[in-house]
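S.K.: Got a structure for you, questions after.
FYI, it's all coordinate maths here, none of it is from the lab. In this text the structure is predicted, and so the values were computed from the model without any measurement. Neighbour counts are summed over all protein chains in view; Cβ atoms, including those assigned to glycine, are modelled from backbone coordinates with ideal geometry.
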Amino acid sequence: MIVPSSSSPPSSSFLLISYNILAQSLGSNCIPWVTRISDEWKNRLDHESNSSSSSPKKDWPYIKSKLGKEYKRNFHKNPYTQSDPKSYHDMRRLWSTKSLSCKQDMEQGYPQLNCAQFHSPWNVSFPKPKKKKKDGEGNEEEGKEYENCIATTLGGVLQKELGNTLGYELFQHLMELEENVYDWKTSRGRRVFRSITSNWTTRMSVGGVDGEEVSEQDSNAGSGSGISSGLDCIGNPSIICLQEYDVHASKALYRSCTDDTTDEEEEETFAQAMKVMGYDGIFFPGSSGKSGVATFWKRDEFQLDITREDWEQIEKKESKELDKDAEEDIYISDTIPLGTNWKQAVFNYDLMEEYYGRSGAISSSSQLTLLTELDRKNVGFLRLKHIHTSRILWVFNVHLMTTSRDNERLTFYPGEIRSREIVTISNLVKQHVNKGGGRDNKGEDVVLAGDWNTDVGNLSVLKGCIPHVASLGDMEGMLPSVLNIPTGFSVGEEGSGLLPASYFDWQIQNKSLKGIDERGAILRDAFESVHGRRSHSVSPTKLSVSSSSSILKCDATTNEKTLYCHATSQNSDRREWIDHIWYSGGSMTREKEAQTLVQGSDREEEKEKGYIGVKNLSNTKLPWKPIPDVEEPSDHIPIGVEFEFV
């Protein structure tokens, strides 16, 4: 059983980590576009396909495409369930059901999925809206008509394509991977919990990559989670920012040290387990109400910056005994609904993304379109007070738009949605962060962490300078060739001796009768010395032997090995650094910041006003193989920065 460590000694340092944990609803090897099978099974399918005279060849790419078509058509975004989030997720779960041989399997496994009925082994039926008919003038007729649709689950598709014996054996292989690597309750949840609450280590020191040539052994060693043996210890995380978080009320044996359970151990929710480990936290759900971001902090190091009266209310509320049998056992103060704030210290903000919508080859409008509510992202942020130093720290936690909804199929300016999200966050920083100044007011610092779905080398999105797709079609002459979105991102001139190599300038000054009011911040990338803002992502096959191999090619240059050995996510198609931690320089003005960053001048002034600096960075050497796997429980690795209040 994992138990909380002893109280942290008073310190001006704190460790903040960011981790996309891979949502429980998405963490599955059965989703066709992420499904992986062993090399042995790939070879077996090749052999069976080559031995058969039938056409087409039923090798793994062919089978995977068949799975994808059926899943997208009837399970991924089932049109009958989109208004009901519970049925929506149940329909996705039904795709990989382990058994579907009779009506009782449906009733016992999916009792609330009323729209789908058992049809035959491995098949269900459900009403599907017919395409709307148009009248003689081309207008769609009112009213909806439905037709009965047959949907085949994963096990059924495999047996249909490969025959009952071979298809069922492959299905069992996928189910074994599902249980040992992907299943949240039996395996993955415990590994995620362990990785975020254990002692963290580093092989980095501020100032750059450790400079070692990447050997085959080194490229396969350890994980990016910073808990590898033989490295310098940073300590337990002080602040934890999680994305794709949908497990607040999910029960498991999170604190169990082994896979073997005992009668003495009881399941607890993720929120309960974090509280036992000494963390308080806030869940910021998105539009679905079930998934979003969450931020936890060690209660002996930080507390919400609220009044004494508010804290007395919280303590009184938390003194009540919890109902351990309740499925959603969470404190009312643990969850902040979308679009609300609590005591002006905790905010859950809808990013309200707009974009130039595109349908097929041409667009029907030159006006900005608001994303539908279920597709929009949110940002959760809160104001913490460091107990030892009394310094104020704003923590922004965000998961920017996925490329599947911000690409050339959907918008004339691929990437514009993420750029607009950055602008919205910058406005929130300017609105809420008070830089202050003077001996009695060291100002408020800010850290922005999360999964940006944007590689560190994708300057187009970071700068907000988005070129249009190949053809504007009907919008030619109505839309600009390049969209300029003011994100505030700049790349410093080499050798200028001023600001960092790259930064976000989100600082404003307002003059009033009381003087100059400084708000916002200049944010810099904590890991820039590691990734070096190298150009964009890279295909794993460019440098490794194959998409599933951890062996680097002999002809990969030393520079390539050095640049791309560090990453935060890899699948069979791409290896990227898409997880970010940006931080402010406290209450220094632009001019003072420019001087002290590089030249180190005016140190007393700097100390007087205060800022946060970087002491250590976590290990980000990601093995050259797709994740998640038995070592990494998510398709991202967690990254961490040890900061220090100065």
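S.K.: Taking K and R as +1 and D and E as -1, what net charge do the other residues with C-beta under 14 Å from the C-beta of K66 add up to?
M.R.: My count for the surroundings of K66 gives +4.
S.K.: In what sequence do D334, D39, D375 fall when counting other Cβ within 10 Å, fewest first? Show your work: numbers first, answer last.
M.R.: Working: D334 18, D39 10, D375 15.
Lowest count first: D39, D375, D334.
S.K.: If I model a spin label at N341 and E476 as a point 7 Å from the Cα along the Cα→Cβ vector, what separation in nanometres do I get?
M.R.: 4.8
S.K.: Assuming 0.36 nm per residue, please report the length gained on full extension of the stretch V630 to N114 beyond their Cα-Cα distance.
M.R.: Values: separation 516, 0.36 × 516 = 185.76 nm, distance 3.57 nm.
Computed gain between V630 and N114 is 182.2 nm.
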